[in-house]
Amino acid sequence: MEHGESDIEALLEIRNLHAGIGDTQILKGIDLSIAPGEIHAIMGRNGSGKTTAANIIMGHPDFEVEEGEVLLSGENLLELEPWERAREGVFLSFQYPQAVPGLQVGNFLRKSVASIRGKEAAKGADFRGELNEAMDTLDIPRSFLSRYVNDGFSGGEKKRFEILQLLLLKPKLAILDETDSGLDIDGIKTVAAGINAAVRGTDSAALIITHYSRILEHVQPDKIHVLIGGQIVATGGPELAMQLEERGYEWLDPKAEAEGIA
Amino acid sequence: MSVSGLPEGDVVTGSFMQAASASSQWILRIEPGFSSQDPVILDIDVKGSSSILHLSLDVGRLSELELITRVRGSGKWFGLLRTGEIGAGAVLNDVVVCLQDEGTLLRVDSIAIGRDAQVRAGTVSSGSERTKADLRYRMGEPGGNLRVLGSILSVDSMHIDHHVEIHHDAPETFSRLTWNSACGGDSRTVGTGMLRVADGSRGADAAQIFHNLLLSADAEADSIPELEVREHEVVGCGHGTANGPIDEDQVFYLESRGFDPSEAKSTLIAAFLNSTLSEMGSDSLHDWLVGLLNSELRTPDA
Ligand SMILES: Nc1ncnc2c1ncn2[C@@H]1O[C@H](COP(=O)(O)OP(=O)(O)OP(=O)(O)O)[C@@H](O)[C@H]1O
Ligand SMILES: [Mg+2]
């Protein structure tokens, strides 16, 4: 282990997490530790539980945690409500961002920054300057400020808008659930630059959920975890992403091996 | 103004209101070609046990106007009759804001829309205790274009009932009705729409939709859109309703951005009402209306 010795407190620590919905178990014992300044990635098949894990860290009310712990800088996140977690510095860039017709982007961003970073941060010329700069970085036209949140946005625009929020909210832990899907190549580079700027050399950390190695080439994650059937079956460096892209997931699937398919 | 200005079926309430208001008829005459950036604001402060007002709008051809009729105060019973003729090619932005503290409001609108005239008719209402409104629009000449919009917030034990009738009596007429009601407490809202497309109104295009946002278990909302289409060659004629509580996915999205549950809820109610509000007029009017509704929003369902 290069990082994460027990004397360095992990920013995110997940221990033996079992969770599901109703009677369905989705996560079956996950352990994960991310140190400040690190970027990790999770890859895995459709339906393996990636979004579920992200939702549980954020506090989605539909899921039940049956066992295990989720700690942010040593603090038990599972006791906190979603907005409390957001205020503690957890941010989730959603795989499918929610549209809110009638709620203007500018108004939403101001309220959101005020509730997470405090009223002062959302006021005056400083905030406007910060907002303009972030919008320019992400190539989001100013006209978006008067549009409704994610309403009628294209797939790529929704993802850019999630990253705009990431840049403005300055979280400690950013989870990006397939933010690269639906982005064009320039978009992926921009997002990767945004993640690097938000994490590298800071006390923050990021967890990137993705199906593709392209974004990982630009962020160079410290670790890649492979999630299959609600369990992390392999952890490795950037080379793992290339292997997965070439060989798929079968060779890592314990079930497939047991059945002699692999 | 004579009773003949009222569409059929409207005669009973309309004539009653007209007779009762014989002594208090106001005529607002807009000269042909008149145009103004500033809105005309009619402030009605309701007082006493009962009062009634007949407002007669005569909007000249090719004029452009934003008209705001604001009803406030705390009378026991108030009747508002608005009859109007919108001249050919006129562009009218007509917003009626009903925010009485108490009492009953009976409102009848009867508006005839001229050739190629464009009318946006908005209603913003969060009061009084009881509101019964009967809004009728008739497009008797080709090219008329009508948007009817409602932003209704019923709280406590309010009872708010709107009936909107739109008559397409000429070819190439266009109408859209979008009615959003947010209902909390043990209030009740009713929205009924009657869309009539007369024989001969070729190329008519009409649609109406009622959305009800239910904020509490005791609130009740009914909407009944009705269609009566006598012409085959129409562009479209649709109607629908959608009822439901606040969307949990929207709540989670806002909470993940730091909104606490009550902020999330009031933000989503405001957004819902804003969807129709923002269509009602100019940006400055919109800002003003949003401020107004937000101050009404307090704790809608406490
Ligand atoms: N709200 C829900 N109700 C029922 N089942 C659910 C719910 N959310 C997730 N699941 C199930 O849990 C499993 C994991 O889903 P999840 O969305 O976490 O997968 P994922 O790894 O993010 O997949 P993808 O790559 O397609 O985004 C799936 O079988 C899914 O059907
Ligand atoms: Mg997913």
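The values are calculated or read from the model by the stated rules, or taken from the named source; none is laboratory data. All values derive from a computational prediction rather than experimental measurement. Here the Cβ positions follow ideal geometry from the backbone for every residue, glycine too, while neighbour counts run over all protein chains shown. Surface accessibility is based on the protein's heavy atoms, side chains included, excluding ligands, DNA and RNA. Shrake-Rupley method; radii C 1.70, N 1.55, O 1.52, S 1.80 Å.
The table below gives the values:
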item	result
Odd one out for residue B:110, checked against (1) of a type outside the set (Asp, Glu); (2) farther than 16 Å from residue B:63 by Cβ; (3) surrounded by fewer than 23 Cβ atoms within 10 Å (Cβ to Cβ)	(3)
Residue in the stretch B:237-249 that is open to solvent by less than 20 Å² (accessible area, probe 1.4 Å), within 14 Å of chain A (Cβ to nearest Cβ) and not in a loop (DSSP other than H, G, I, E, B) present	yes
Set B:218, B:199, B:134, B:161: member being closer than 23 Å to residue B:98 by Cβ, not aliphatic (A, V, I, L, M) and not in a strand (DSSP E or B)	B:218
Residue satisfying condition, being closer than 26 Å to residue B:283 by Cα, aliphatic (A, V, I, L, M) and surrounded by fewer than 19 Cβ atoms within 10 Å (Cβ to Cβ), within set B:88, B:121, B:117	B:88
Residue among A:78, A:71 that is over 30 Å from residue B:213 (Cβ atoms) and open to solvent by less than 50 Å² (accessible area, probe 1.4 Å)	A:71
Among (1) within 14 Å of another protein chain (Cβ to nearest Cβ); (2) at pLDDT below 90; (3) in a loop (DSSP other than H, G, I, E, B), the one test that residue B:299 misses	(1)
Any hit, the stretch A:177-188, residues being closer than 24 Å to residue A:213 by Cβ, within 18 Å of the chain's Cα centre (by Cα) and away from ligand 2 (no atom under 16 Å from the Cβ)	yes
Sole exception among (1) open to solvent by less than 30 Å² (accessible area, probe 1.4 Å); (2) under 17 Å from the mean Cα position of the chain (by Cα); (3) in contact (Cβ under 8 Å) with a residue 60 or more places away in the chain for residue B:272, by number	(1)
Failed item in (1) of a type outside the set (A, V, I, L, M); (2) buried (at least 17 other Cβ atoms within 10 Å of the Cβ); (3) away from ligand 1 (no atom under 13 Å from the Cβ), with residue A:44 passing the rest	(3)
Given (1) within 13 Å of ligand 2 (Cβ to nearest atom); (2) open to solvent by less than 10 Å² (accessible area, probe 1.4 Å), index of the condition residue A:34 fails	(1)
Residue check for residue A:141: more than 25 Å from residue B:274 (Cβ to Cβ), more than 16 Å from ligand 2 (Cβ to nearest atom) and loosely packed, with under 13 Cβ neighbours inside 10 Å	no
Test: residue in the stretch A:123-136 that is closer than 22 Å to residue B:266 by Cβ and within 16 Å of ligand 1 (Cβ to nearest atom)	no
Any hit, the stretch A:188-209, residues being on the phi > 0 side of the Ramachandran plot, open to solvent by 10 Å² or more (accessible area, probe 1.4 Å) and away from ligand 1 (no atom under 16 Å from the Cβ)	yes
Those strands (runs of 3 or more DSSP E) lying entirely in the stretch A:1-118 with at least 1 residues farther than 30 Å from residue A:239 by Cα and either at the interface with another protein chain (Cβ under 10 Å from one of its Cβ atoms) or not acidic (Asp, Glu) (or both)	A:12-21, A:24-34, A:64-72, A:100-104
In the stretch B:252-274, the residues that are more than 7 Å from chain A (Cβ to nearest Cβ) and not in a helix (DSSP H, G or I)	none
Looking only at the stretch A:169-187, and only at residues there that are part of a helix (DSSP H, G or I) and in contact with a helix residue (DSSP H, G or I) (Cβ under 9 Å, 6 or more places away or on another chain), the one that is surrounded by the most Cβ atoms within 10 Å (Cβ to Cβ)	A:169
Filter pass, residue A:145 being more than 23 Å from the chain's Cα centre (by Cα) and of a type in the set (A, V, I, L, M)	yes
Total residues in the stretch A:210-234, condition open to solvent by less than 40 Å² (accessible area, probe 1.4 Å) and among the hydroxyl-bearing types (Ser, Thr, Tyr)	2
Residue match in the stretch B:278-294 (condition: more than 23 Å from residue B:121 (Cα to Cα), in a helix (DSSP H, G or I) and within 14 Å of another protein chain (Cβ to nearest Cβ))	no
Long-range neighbours under 7 Å by Cβ, at least six apart or interchain, first residue within 15 Å of residue B:22 (Cα to Cα) within the stretch B:48-61, second of a type in the set (Val, Ile, Thr) and open to solvent by 50 Å² or more (accessible area, probe 1.4 Å)	B:56/B:27
